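Reading through the structure tokens given below for one structure.
The values are calculated or read from the model by the stated rules, or taken from the named source; none is laboratory data. None of the values given here were measured: they were computed from a predicted structure. So basically every Cβ, Gly included, is an ideal-geometry build from the backbone, and we count neighbours across all protein chains shown.
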Amino acid sequence: MHFLDSHLPYEPPLNFQKFGRKNIFLPGILGKRIDFWSNWSEKRNHSLIGEKAFSSEEIKIMRDAYDNTLLFADYQIQKIFQMLIKKNLLQNTILIITADHGEMLGESGKFGHQLCLKEPLLHVPLIIYSPKIQQKKETNIIETKDIFNIVLYLSKNGFEISYPRRDYAYGEYKANKQFREDILKLDPKKFTSAEFIRTDKFKLVSYNRGNKKLFRLDGEEIEIDDEETKDIMEELLRRKKTQIEKSRISNTVKDRL
């Protein structure tokens, strides 16, 4: 089940607008609403190339509106639990709550979920309910694709598969054609694709322009200059890319057989 409420234009039902000014985007001030969202993408793009595009008031409006959508999503998830309990299905159900990406709401001066590999986008909730597991909090690194293994592991329906444990996570980003064209018109030198390798303490981001940035992850995401750590992370990234390439070659060979 996919909840789209936490996407633009951040409009939950009226009775879930608990944060910020109520009715801020309703027809009573329709002119402001249309103006705000009609030029949002353009202003977002300017923020991604380092310009200050949104006022403090606009940022607060977006954050409040986003929080309201999360409140509505929480309510819908609660209704699912209540339905499963009512029908006596919860004891035979695995529920997994997660997201495909986060959202930038002014962190590092950026907005949306494009052209960015910051932690607010990458570090998303993963909540798992199963009658077979006790309540606890895990801090292990995990990738979205690991969820398939987790489902098989919890189902125990003849599958001999281990719970995934990772020393690092890897990910890629590539802007779509239209977005690349729009951004490069504003800044011809701006990156349009990137990849990262992330441990529990550090993250290395490699951009298609050839530059790399190293970040320390200790409560805050801070760019650092540490050549020894950077070399280690670059080696991890190189190994991962080699592994991916071998996998692609293997799949190509299988397709030809």
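Please count how many residues of region 170-202 are free of Cβ contacts under 8 Å to residues at least 40 places away in the same chain and either in a strand (DSSP E or B) or in contact with a Lys or Arg (Cβ under 6 Å, 6 or more places away or on another chain) (or both).
Adding up the residues that qualify gives 4.
What pairs come up if the first residue lies in region 118-140 and is in contact (Cβ under 8 Å) with a residue 12 or more places away in the chain, the second is part of a helix (DSSP H, G or I) and of a type in the set (D, E, K, R), and their beta carbons are under 6 Å apart, counting only those six or more places apart or on different chains?
Pro120/Glu107
Restricting attention to region 90-111, report how many residues are of a type in the set (S, T, N, Q), more than 20 Å from Arg44 (Cα to Cα) and part of a helix (DSSP H, G or I).
Total meeting the criteria: 2.
Every residue in region 170-189 that is under 26 Å from Thr229 (Cα atoms) and buried (at least 19 other Cβ atoms within 10 Å of the Cβ), please.
Listed by number, the list holds a single entry, Tyr173.
Could you count how many residues in region 123-148 are part of a helix (DSSP H, G or I) and either modelled with pLDDT under 85 or of a type in the set (A, V, I, L, M, F, W, C) (or both)?
The number of residues fulfilling the criteria is 2.
Based on what the data block shows, is Glu107 of a type in the set (Asp, Glu), touching a residue at least 40 places away in the same chain (Cβ under 8 Å) and farther than 16 Å from Phe196 by Cα?
For Glu107, the condition - of a type in the set (Asp, Glu), touching a residue at least 40 places away in the same chain (Cβ under 8 Å) and farther than 16 Å from Phe196 by Cα - is not met.
Go through the residues of region 75-89 one by one and say whether even a single one is part of a loop (DSSP other than H, G, I, E, B) and surrounded by 16 or more Cβ atoms within 10 Å (Cβ to Cβ).
Within region 75-89, not a single residue is part of a loop (DSSP other than H, G, I, E, B) and surrounded by 16 or more Cβ atoms within 10 Å (Cβ to Cβ).
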